[in-house]
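As structure tokens, the structure follows; a few thoughts come after it.
The values are calculated or read from the model by the stated rules, or taken from the named source; none is laboratory data. Just so we're clear, the structure is a prediction, and the values are computed from it rather than from any experiment. Reconstructed Cβ throughout: ideal geometry from the backbone, glycine too, with neighbour counts over all protein chains shown.
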Amino acid sequence: MENKGQNSTNINWFPGHMTRAKRDMSEKMSVVDMVIELRDARIPNASKNPLLEELIQQKPRLIILSKKDKADPALTKDWIQFLKKDDTEALALDIPSENIINPVTDAVKQLMKAKIDKMKERGMKPRPMRAMVVGIPNVGKSTFINRLAKKKIAQTGDRPGVTRALQWVKVNRDIDVLDTPGVLWPKFDDERCGMLLAITGAIRDEILPIEEVCMTAMRELLALHPEYIQKRYQIDMHEDPYVVFQRIAEKRKYCRSRNEMDEKRTFETFLKELRDDKLGRMTWETPDADSK
């Protein structure tokens, strides 16, 4: 049987509003004290935007790994330790469900301690630290802003590209945040990075063929967590991902005449169940020397 889904694909996607957002963010960087960068805990390296490095420059940074409830807890701890350094703090949060204000405020105050102490030494009352909130689309940035503000400030949606404009939000006496649109870089030269963004829903489903996305996800699951497939679908396992999908289709009765798999239905169902954590909590990357 043919093993499908091996074609290499380069992704180009840079809508006009993202070009404007990059320009606006660059202009605002001079008035902020620090940056709060949201990444997806399932893909901490793939969800890092290289364009942000140009914008952030030497600003202190708080990296927040969102969607920790969807990621492997042990690997999330490894990533937190890996990402921390002198000018960078890191937290993992389940943004919709837990109290995020206290841990975020504590991390900001720790990160900006030198600046706050300097204000006090000059006899000044420390003003709120101004933080720009950045991140790729669909990483939970708008929900993060709303939870900090304790009201609906930013528009949310479980799809990329909802936030379109910059806006200031007062959190408390310690923090003011500047919300920004989610920004993706113009081209993904790393095919796996693009696939991981597609698997987790960071880019629109129309950007990449769903068959390639699902085949990549299945291939990695078979290598890392075959038990997730077995437990969810109760099928005889196979090393060929296409054969596994065929068996899933047969089990779910997603076949046409002559036992032909309904690929569209099978792939769409698998991808939805994967994103909804029906197969289990999954982290697709481990920290290593290439995860900068």
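Taking the stretch 223-276 as the region of interest, the helices (runs of 4 or more DSSP H) fully inside it that hold 1 or more residues being farther than 18 Å from Pro209 by Cα and basic (Lys, Arg) are 226-233, 241-252. The single condition among (1) within 18 Å of Lys70 (Cα to Cα); (2) in contact with a Leu (Cβ under 7 Å, 6 or more places away or on another chain) that Val213 does not meet is (1). Does the stretch 148-170 contain at least one residue that is at pLDDT 90 or above and closer than 21 Å to Pro103 by Cα? Yes, the conditions are met somewhere in the stretch 148-170.
Put simply, of Val244, Val177 the only residue that is in contact (Cβ under 8 Å) with a residue 24 or more places away in the chain, among the β-branched types (Val, Ile, Thr), closer than 30 Å to Val104 by Cβ and surrounded by 20 or more Cβ atoms within 10 Å (Cβ to Cβ) is Val177.
May I ask you to list the residues in the stretch 85-97 that are of a type in the set (D, E, K, R), within 18 Å of the chain's Cα centre (by Cα) and not in a strand (DSSP E or B)? If the condition is that a residue be of a type in the set (D, E, K, R), within 18 Å of the chain's Cα centre (by Cα) and not in a strand (DSSP E or B), then Asp94 is the only one that fits.
Residues that are part of a helix (DSSP H, G or I) and crowded, with 17+ Cβ neighbours inside 10 Å within the stretch 99-137 comprise Val104, Thr105, Ala107, Val108, Leu111, Ile116, listed in sequence order. Residue check, Leu52 against (1) part of a helix (DSSP H, G or I); (2) closer than 21 Å to Ala149 by Cβ; (3) not charged (D, E, K, R), all met but one. Which one? Answer for Leu52: the failing condition is (2).
Restricting to the stretch 70-84, name every residue that is surrounded by fewer than 14 Cβ atoms within 10 Å (Cβ to Cβ) and in a helix (DSSP H, G or I).
Just the residues of the stretch 70-84 that are surrounded by fewer than 14 Cβ atoms within 10 Å (Cβ to Cβ), to begin with: 73-74, 77, 81, 84.
If the condition is that a residue be surrounded by fewer than 14 Cβ atoms within 10 Å (Cβ to Cβ) and in a helix (DSSP H, G or I), then Pro73, Ala74, Lys77, Gln81 are the ones that fit.
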